Amino acid sequence: MINQLLLGSTIIVITVIVQVVFFNIAIDRLTRIGRWLSDSASFLKTSFIMVIVVLWTLLGITVSTWIWAVLFKVIGALATLDEAIYFATVTFTTLGYGDITLTTEWRLLSSLAAVNGLIIFGLNTAFLVQFVEKTRGLHMKKDKH
């Protein structure tokens, strides 16, 4: 059990780092285009940027899910990569169909993957809410002038 806790905790730390890197890249890019975006904050322009940011955060979630899938495959908890990706996705999103389960030897990892998913989705939600608020602020500044 202690091995599962250590392994799962390590993966949680890695996925949080991955997500923070994705956020920082997004913030850097958004900062670089901030002036262009705020000069003429049109509906089309901000909509396009919002779609890009949402897809970018989804890519970060995908990378985190793949990290879990690779772990499940490498430790032999699941037989195929397809099965590992499916299980990691269903578990990470806390959907948990239950059609594939881990053996007793590894089952605690599935709980840790679900907890990790809650953390990552919470971080992404906070990031996207802040992004939308800042984007709406651009429109409000434009409307006041």
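The values are calculated or read from the model by the stated rules, or taken from the named source; none is laboratory data. Predicted, not measured: the structure shown is a model, and the values here were computed from it. Glycine gets a Cβ as well: all are built from the backbone with ideal geometry, and neighbour counts include every protein chain shown. The accessibility values were calculated without ligands, DNA or RNA, using every heavy atom of the protein model including side chains. Shrake-Rupley method; radii C 1.70, N 1.55, O 1.52, S 1.80 Å.
Leaving ligands, DNA and RNA out of it, work out the accessible area of Thr101 with a 1.4 Å probe and give it in Å² to the nearest 10.
100
Which residues does the label zone of Leu5 cover in region 81-113, counting backbone N under 20 Å from a point 7 Å along Cα→Cβ?
103-113
Tyr97 versus Leu44, label points 7 Å from Cα toward the beta carbon: distance in nm?
Label-label distance for Tyr97 and Leu44, simple model: 4.1 nm.
At q = 0.11, 0.20 Å⁻¹, work out log10 I(q)/I(0) for the chain with the Debye formula, treating every Cα as an identical point scatterer and leaving solvent out; two decimals please.
Taking Cα atoms of the chain as identical point scatterers yields -0.50, -1.09.
Using r as the Cβ-Cβ distance of Ala79 and Thr125, and R0 as 35 Å, what FRET efficiency do you calculate, to the nearest 0.05?
The calculated FRET efficiency here is 0.55.
From the phi angles alone, apply the Karplus equation (6.51, -1.76, 1.60; θ = phi - 60°) to region 124-132 and give each ³J(HN,Hα) in whole Hz, x where the residue is Gly or Pro.
3J(HN,Hα) across region 124-132, in whole Hz: 5, 4, 4, 4, 5, 4, 4, 4, 5.
Using alpha carbons only, how many degrees (0 to 90, rounded to 10) separate the axis of helix 2-39 from the longest principal axis of the chain?
So the helix axis and the longest Cα principal axis differ by about 10 degrees.
Using the basic label-point model (7 angstrom from Cα toward the beta carbon), what is the Val16 to Arg107 distance in nanometres?
Simple spin-label model gives 2.7 nm for this pair.
Express the relative contact order of the chain as a whole percentage, based on alpha carbon pairs under 8 Å and six or more residues apart in sequence.
32
Can you put Ile49, Ile85, Ile27 in order of accessible area, largest first, using a 1.4 Å probe?
Largest accessible area first, the list is Ile27, Ile85, Ile49.
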